[in-house]
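Down below is the structure, laid out as structure tokens.
The values are calculated or read from the model by the stated rules, or taken from the named source; none is laboratory data. Just so it is clear, the structure is predicted and the values come from calculations on it, not from any experiment. Neighbour counts are summed over all protein chains in view; Cβ atoms, including those assigned to glycine, are modelled from backbone coordinates with ideal geometry. Heads up: the accessible areas ignore ligands, DNA and RNA and are worked out on the full protein's heavy atoms, side chains in. Shrake-Rupley method; radii C 1.70, N 1.55, O 1.52, S 1.80 Å.
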Amino acid sequence: MNESSQSYQVRVSGSGVAIVLAAATLGLAALILTIERGLTGWSFAITFGVLIAVGEMVQFRVDRSRNRAPIATSAALGYAMLRGPEVGVPPDVAQVVAVVAIATIAGLVPRVVAGLRWEVVISARRVLSVAAATAAFSAVIPNDMEWDGTWSHALPLTAAMFLAVLTAGISDALVGAGQATEAFNRPFPAALRDELVVLARIGLGMGISGVLLASCTSLLGLWAPPLIIVPLLLTQFAFRRFASAQRTYRATVRSMARSTEIAGFSSPGQNARTAQLAIAIGNDLGLTPARMEALEYAALLSGVGQLALADPSPGGASLLRNREERQQAAEIGASIIERSGVLDHVAEIVRHSNDPYRQGRANNSDIPVESGIVNVALAYEQLVGEGGGQSAGKAMESIGLGIGAEYDPVVVESLRRVVGRGFRF
């Protein structure tokens, strides 16, 4: 299963079009207002515009959910919160939005020309969240308030900056959760939880960098941006190395999964189809991104243990084997996965992926629900996929006969919803 088919990758949808249109309309209106009023602080507008454009050009992907542009985000937030003796007349809301929008487009164009991955929806979300932060900051801080060395100014300015950062983060989290709900049929509370976790881990770091950038630039002038941005560049380089290692890690897992197909123990694409359905069910049940990743790996590797069996099942139909053989294969597969030293959580899912629900999870809550998902997804694939050829309705009837005994009722009900929404391999 290639990267583009991952179910928790942000895709352009109806809401995505609305987000892009909203950002474009807001940016155009802000540009018109800025032209009418005149641009203030040319040097700051150009400097921060260049930083935002460069940040967009060097955006990267770490967690497969969306591209990250920490330099662009920090620079945009920093420009929105400039107040100080070195700034002169601070930019108003319209000017901030106009500069951020134009710089964002300028940063995306080279990626488009070079054929690199770009996500216009995510960039549009950044424009909207920065606009919300600018509006919040300007609403509580008068234009004539600046850093003057007194607590009476420092405290409200600092509080307002963090309010602006929080406004940007929460507004983007709400939009992102709505997108995930629409695109992947995730429950909105679960999608919002995931967005807030990302906000706490990554978003606040970018926000604090924006606060430092704004405060240092306001006091030191244009000497400050390089002092703040260089550490961000080094951090981004480390993240890119981490992302590269993760891609290699995922490629290794997919290669292990294909070994069962090469050996004839599963039909071509069977493991990928099982993982595709398992991810759809995991999304419907609102599993966290970390659990989703473990679920995907477990579904891909669920057939590895069959390599130790005497002969392959016809067409990879492991359901034709008896219970003892299937559980033996699951135990062997889990042992093989454990030897990697880094996939113990995946091994535990695979170990129980053939346990009947009544004798397993129904009496032992320590067994992860992911095991039940893999069990149901594999059964459905073998009934509907290339080896089975049954209709979706007929397959659901067959699986329904095993509810409460063989299959987890919660997972089967989730499968009904997924199939009812038109899921197809």
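Entry note: the stretch 263-420 has Rg to Rh equal to 0.93, where both radii use alpha-carbon atoms and Rh is the Kirkwood radius.
With no solvent and one point on each alpha carbon, what is the Debye value of log10 I(q)/I(0) for the stretch 3-246 at q = 0.10, 0.15 Å⁻¹? Debye intensities relative to I(0), on a log10 scale: -0.45, -1.02. Ligands, DNA and RNA excluded, the heavy atoms of residue 170 present near 70 Å² of accessible surface to a 1.4 Å solvent probe.
The loop-placed GluC sites (Glu not before Pro) in the stretch 376-425, going by DSSP, that have at most 15 neighbouring Cβ atoms within 10 Å of their Cβ come out as 386. Placing +1 on each Lys and Arg Cβ and -1 on each Asp and Glu Cβ, with no other charges, gives the stretch 3-246 a dipole about its Cα centre of roughly 840 debye.
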